[in-house]
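Working notes, structure below.
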Amino acid sequence: MNVAPIARPGDVGGQAVAIRIAGDQAAFWGCGFFGAQDTLHDDRGRHYFKDCYIQGSIDFIFGNGRSFYERCQMTSIANPVPAGRKLINGAVTAHGRNSTDENSGFVFMNCSIGGTGRIWLGRAWRPFSSVVFAYSNMTDVIAPEGWNDMNDPTRDQ
């Protein structure tokens, strides 16, 4: 049981990792991961998440793992964006693959994304970040641009 204080939209603070997974072949069924910035550190190794709830605002799933997320619900708690503003204040993922030789990436299948704020699906944390969303439902919390290259156009691939 996690007895940490529940993060509210717009809470000020830095990284607050709820869990870091660095072992190989870890699996999570029906788990909840609650945080704001950097909630789930999917560091390295092969991982499987099914029917999980993941809450955050900025890069709430990040790392260099090789992971499959199935029927998971991601909820943004980023600050609400006033109507008509183009502000983007978060991202679901920040994958950290440094080279095409690394066999890592995040796959989200039959998942849902909702909540508050305006967020990207992901930010290219490293040069060869690899993230796929397939057959997933997304509300208008996702910015129309979808992705952010972290001001490095070479990461737009």
Fill in: Read-out Rg and Dmax of the Cα atoms in Å, derived from the coordinates shown; its label in [x] 15.2, 48; [y] 15.2, 51; [z] 14.5, 45
[z]
Item to complete: Could you run the Karplus curve 6.51 cos²θ - 1.76 cosθ + 1.60 with θ = phi - 60° over region 122-134 and give me ³J(HN,Hα) per residue in whole Hz, x for Gly and Pro?
Response: x, 10, 6, 5, 10, x, 10, 3, 9, 9, 10, 10, 10
Item to complete: Please give the contour-minus-distance gain from N110 to D149: 0.36 nm per residue of separation, less the Cα-Cα distance, rounded to one decimal in nm.
Response: 11.6 nm
Worksheet entry | Distance in nm between pseudo-label sites at Q25 and A134 (7 Å out along the Cβ direction from Cα) | 2.3 nm
Practice prompt. Assign unit charges at the C-beta atoms only (+1 for Lys and Arg, -1 for Asp and Glu), then state the dipole size of region 19-150 relative to its Cα centre in Debye, rounded to the nearest 20.
Written response: 140 debye
Worksheet item: Of L87, L40, L121, which has the largest mean-square fluctuation in a 10 Å C-alpha GNM of the chain?
Response: L87
Worksheet, complete the sentence: Over all pairs of different Cα atoms in region 100-157, the reciprocal of the mean inverse distance gives a Kirkwood radius in Å of 12.5 Å
Fill in: Relative exposure of I19, I77, judged by other C-beta atoms within 10 Å (fewest first)
I19, I77
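Throughout, read-outs are computed from the coordinates displayed, never taken from laboratory work. Being a predicted model, the structure only gives us computed values, none of them experimental. Note that we place each Cβ from the backbone using ideal geometry, even for glycine, and neighbour counts take in every protein chain shown.
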